[in-house]
1. Given the options V156, V131, name the one that is of a type in the set (A, V, I, L, M, F, W, C), in contact (Cβ under 8 Å) with a residue 40 or more places away in the chain and part of a strand (DSSP E or B).
2. Of all residues in region 176-203 being among the hydroxyl-bearing types (S, T, Y) and in a loop (DSSP other than H, G, I, E, B), which is least open to solvent (accessible area, probe 1.4 Å)?
3. Can you tell me which residue is least open to solvent (accessible area, probe 1.4 Å) among those in region 90-107 that are within 14 Å of L46 (Cα to Cα) and not in a loop (DSSP other than H, G, I, E, B)?
4. Can you pull out the residues in region 48-89 that are among the hydrophobic types (A, V, I, L, M, F, W, C) and either surrounded by fewer than 16 Cβ atoms within 10 Å (Cβ to Cβ) or part of a helix (DSSP H, G or I) (or both)?
5. Could you count how many residues in region 98-122 are more than 15 Å from V31 (Cα to Cα) and among the polar types (S, T, N, Q)?
6. I need a count of the residues in region 163-175 that are surrounded by fewer than 12 Cβ atoms within 10 Å (Cβ to Cβ) and in contact with a Gly (Cβ under 8 Å, 6 or more places away or on another chain).
7. Can you name the residue in region 113-128 that is among the hydroxyl-bearing types (S, T, Y) and surrounded by 15 or more Cβ atoms within 10 Å (Cβ to Cβ) and, of all such residues, is farthest from the chain's Cα centre (by Cα)?
8. Scan region 32-77 for residues that are of a type in the set (A, V, I, L, M), under 23 Å from P87 (Cβ atoms) and under 13 Å from the mean Cα position of the chain (by Cα) and jot them down.
Amino acid sequence: FKDQDADLDTYVAQSVQSLEGNATSVESKDVVLYGFGRIGRILARLIIGQSGLGRGLNLKAIVVRKSSDGDLEKRASLLRRDSIHGPFAGTISVDEENEAIIANGNFIKVIYASSPAEVDYTAYGINNALVIDNTGKWRDSEGLAQHLKCPGAARVILTAPGKGEMKNVVYGVNQADILDEDTIISAASCTTNAITPTLKVLD
């Protein structure tokens, strides 16, 4: 206690005073996962886990190819359990009628499409979205630019090392290189993310 005479309520109020307003200070951002493999599902867990904390990311949809009957339930089942990260922290249900997964109360639309050209995000109330391509199908700016042609999409992040002039960004190392005009960036490879922060310290 800074003030030895202060009661617990006063102490707590003083301690959280610097945090007031932070929950509403971050602009809300719609996020779409293009692809829902292992990386896509781990990303979904991370985004859903911070939902409601004022960090601004709202997972609105995932885009996948329809594999077979019962596709929604199969994808929900894979999200529920992970051999490394364990069970999902919360509840997951399937809304077959609206083709959606409900995770911890978050409505996540499942959009079935074979290519970005088939998707209009605005038709699902998604606007100015950050599209995270975790398919690895396109690794250069030209291929990933297909996402930017979709109504409702604004920026693209690739979850693999990018080719050509695309910026490969490792958070904690060179995120300051991202400019407002950058609409396509790469989050680099898992190996790069693992070793670069250590190399930065050593350097």
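1. V131
2. S189
3. Checked region 90-107; the qualifying residue least open to solvent (accessible area, probe 1.4 Å) is A103.
4. I48, L53, L72, A76, L78, L79, I84, A89, listed by residue number.
5. Summing the residues that are more than 15 Å from V31 (Cα to Cα) and among the polar types (S, T, N, Q) in region 98-122 gives 4.
6. The total comes to 0.
7. The qualifying residue farthest from the chain's Cα centre (by Cα) is Y124.
8. L33, I39, I42, L43, A44, L46, I47, I48, L57, L59, I62, listed by residue number.
The values are calculated or read from the model by the stated rules, or taken from the named source; none is laboratory data. Every value quoted in this text rests on a predicted model; they were computed, and no experiment measured them. Because the Cβ atoms are built from the backbone with ideal geometry, glycine has one as well, and the counts that use them run over all protein chains shown. Surface accessibility is based on the protein's heavy atoms, side chains included, excluding ligands, DNA and RNA. Shrake-Rupley method; radii C 1.70, N 1.55, O 1.52, S 1.80 Å.
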